[in-house]
Amino acid sequence: MGRPTLRLYDGYRHTSPHLRDEVAELQTLLKGYGYRVRPDGEFGPYTENCVKHFQYKKGMTADGIVGPSTWAALLNRPQPSGNYLQFQTSYAKNNPHLLQQLAELNGKYKNAVLRVSQQYDIPASVIAGIGSRESHWGLALTPPGPHGTGDGGHGRGLMQVDDRWHVAFIQSGKWANATENIIYGCAVLKNSMNLFTKKLGWKMSKQLLQAGIAGYNCGPSRALSAYQSGYDIDYYTTGRDYSRNVLERAGWFQLHGWK
């Protein structure tokens, strides 16, 4: 539907000013339904109460969070399916940094990502999200591009394959080739997902994808240990938000046609 998920205090200067336009659109739509809300681009408590009332009237969960279902109701469009491959995002559709990454991805790596997506049965948007988080699709590397490095020199290429854990691949020199790097990174992700399938019997789902993504960052065994210990799946990941952030990025890429 092309709109990010919105919630209380989005659009404020100290929280997410990049979402002001989307919040103003939400408020304008609410005003069209008779709510006395001013389209100022700030999702305050009054706007939240209006959203909750609207959701209640539509028979929806009145949580005040404007996700795909609430957007669909506001726009009088069909409700989205329960497809687990649809990811919500709080990133603004016109986020300038992500737009730069999108241009790199579309211009240089799109065909490779789509082929590898089919090869490993991994959503292309998830691959896009990992490449975004890891290297900004090469823009954050030194030097910029598929042959660049990050993480103090240990992360190699677009998917930031770690030279401490993937020695043979690094020594082969293939890591500097964009397509080879994407293929190898997706093989690592698939192996991480396969561990959860083997140990827990999980089938393809958002839960399995998220667990596999967490394992991509911190190692499959550590991600599995976190889950089995009752911790959040991101407990051992960088920033303790890796898989969630990747899926947020994946959701943003979906706004721009990556399914």
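The values are calculated or read from the model by the stated rules, or taken from the named source; none is laboratory data. These numbers come from a predicted model, not from an experiment. With ideal geometry, Cβ positions are generated from the backbone for all residues, glycine too; neighbour counts draw on all protein chains shown. Remember, those area values only see protein heavy atoms, side chains included, never the ligands or the DNA or RNA. Shrake-Rupley method; radii C 1.70, N 1.55, O 1.52, S 1.80 Å.
Summary table
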{"item": "Euclidean distance of C-alpha centroids, segment 174-213 and segment 67-118, integer Å", "result": "20 Å"}
{"item": "Sulfur and carbon atoms: percent of accessible area, the chain [1.4 Å]", "result": "49 percent"}
{"item": "Simple Cβ-charge dipole of the chain, Lys/Arg +1 and Asp/Glu -1, about Cα centre, in debye nearest 20", "result": "580 debye"}
{"item": "Cα gyration tensor shape for segment 1-47, rounded if a/c is under 1.5, else prolate or oblate", "result": "oblate"}
{"item": "Whole-number accessible area per residue in Å² for the chain, which is evaluated in the context of all protein chains at 1.4 Å", "result": "49 Å²"}
{"item": "Degrees between helix 206-218 axis and first principal axis of the chain (Cα, 0 to 90, nearest 10)", "result": "50 degrees"}
{"item": "GNM result for the chain, Cα springs below 10 Å: residue of R249, R222, R77 fluctuating most strongly", "result": "R77"}
{"item": "Simple label model, 7 Å out from Cα along Cβ direction - T15 to K58, nm", "result": "1.9 nm"}
{"item": "Angle in degrees between helix 242-255 and the longest Cα principal axis of the chain, rounded to the nearest 10", "result": "60 degrees"}
{"item": "Under 11 Å, Cβ to Cβ, from A73 - net charge with Lys/Arg +1 and Asp/Glu -1", "result": "+3"}
{"item": "Listed residues V246, L30, H18: farthest to the positive end of the dipole of the chain (Cβ charges)", "result": "L30"}
{"item": "Among G44, G239, G129, residue whose mean-square fluctuation peaks in a GNM of the chain (springs only between Cα atoms under 10 Å)", "result": "G239"}
{"item": "Mean ellipticity per residue at 222 nm, deg cm²/dmol - from DSSP H runs of n ≥ 4 across the chain, formula -39500 (n - 2.57)", "result": "-15500 deg cm²/dmol"}
{"item": "Entry for Cα Rg over 2.2 N^0.38 Å (calculated from the structure that is shown) out of (1) 1.09; (2) 1.26; (3) 0.98", "result": "(1)"}
{"item": "C-alpha long axis of helix 110-120 to longest principal axis of the chain, angle in °", "result": "80 degrees"}
